[in-house]
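What follows is a single structure, written as structure tokens, with notes after it.
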Amino acid sequence: MSNWEELRKECMQCKKCALWETRTNVVFGVGRQDAEVLFIGEGPGENEDLQGEPFVGRGGKLLDDMLRIIGLDRKENIYIANIVKCRPPQNRDPLNTEQEACMDWLRAQYRLIRPKVVVCLGRIAAKALIKDDFKITQEHGRWFDKDGVKFTAIYHPAALLRDPGKRPETFVDLKEIKKMIEETCKRTYTEGE
Ligand code: URA
């Protein structure tokens, strides 16, 4: 069995924090295990909990549209995961203790995927992966180098649904992400339809 399958199997049985008690499914992630580009959200919502896949609700549809603009597709050329793999009740922010308990799974995924570009979706992922005092309104679209891997953050799709006024800035960020991918990644990423 591959390391990836073992990791998934172990993760599916996780009881490292109390979220296991209320989950329907562990949302491990979706995409290519050898992706050069990794997207990280916050945690599963209701639809994700029910279906076992990240970003499958309204926000997910918007995310897929955003990805298409820059030639990306969740199944074809990226990997999508979350900071926490089980749904926090009532979609509250994941607690620090829950994030810490879950982080080993993401670290293990990161080590196996070995991405070149990491895009944090929203404040929670940016704080957990880039820096604790990350300010999404001021620092979205900025690049951070971590051991040669390029990290950035954009607004979370749910924030873009709540406030469409943030979409033009996100469009600029997406174009910069496309540019960074073209400069940094070996695989050819083509423009979506
Ligand atoms: N929001 C997230 O951050 N992740 C999901 O998977 C769904 C909604």
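The values are calculated or read from the model by the stated rules, or taken from the named source; none is laboratory data. These numbers were taken from a predicted model, which means no experiment stands behind them. In this analysis, Cβ positions are derived from the backbone assuming ideal geometry, glycine residues included, and neighbour counts consider all displayed protein chains.
Mind checking which residues of segment 102-131 are touching a His at 6+ places or on another chain (Cβ under 9 Å) and of a type in the set (K, R)? Selection gives R123 alone. A residue that is touching a Leu at 6+ places or on another chain (Cβ under 8 Å), within 20 Å of R107 (Cα to Cα) and outside any loop (DSSP other than H, G, I, E, B) occurs nowhere in segment 45-60.
Quick check on this structure: which one of G57, G41, G71, G52 is modelled with pLDDT under 95 and closer than 30 Å to C185 by Cα?
Just one listed residue meets the conditions, G57.
Is it true that R74 is under 14 Å from the mean Cα position of the chain (by Cα), within 16 Å of the ligand (Cβ to nearest atom), part of a loop (DSSP other than H, G, I, E, B) and surrounded by 14 or more Cβ atoms within 10 Å (Cβ to Cβ)? The answer is yes for R74.
Taken over segment 43-62, residues that are surrounded by fewer than 24 Cβ atoms within 10 Å (Cβ to Cβ) and closer than 26 Å to C17 by Cβ amount to 12.
Scanning segment 18-36 for residues that are outside any loop (DSSP other than H, G, I, E, B), surrounded by fewer than 20 Cβ atoms within 10 Å (Cβ to Cβ) and either more than 12 Å from the ligand (Cβ to nearest atom) or free of Cβ contacts under 8 Å to residues at least 24 places away in the same chain (or both) returns A18, W20, E21.
Restricting attention to segment 142-159, the residues being away from the ligand (no atom under 15 Å from the Cβ), within 23 Å of P44 (Cβ to Cβ) and not hydrophobic (A, V, I, L, M, F, W, C) number 1. Scanning segment 105-141 for residues that are more than 16 Å from the ligand (Cβ to nearest atom), surrounded by 15 or more Cβ atoms within 10 Å (Cβ to Cβ) and in a loop (DSSP other than H, G, I, E, B) yields P115, K116, G141.
Out of the residues in segment 1-12 that are in contact (Cβ under 8 Å) with a residue 12 or more places away in the chain and within 25 Å of G60 (Cα to Cα), state the one that is surrounded by the most Cβ atoms within 10 Å (Cβ to Cβ). Once the filter is applied, the top-ranked residue is C11.
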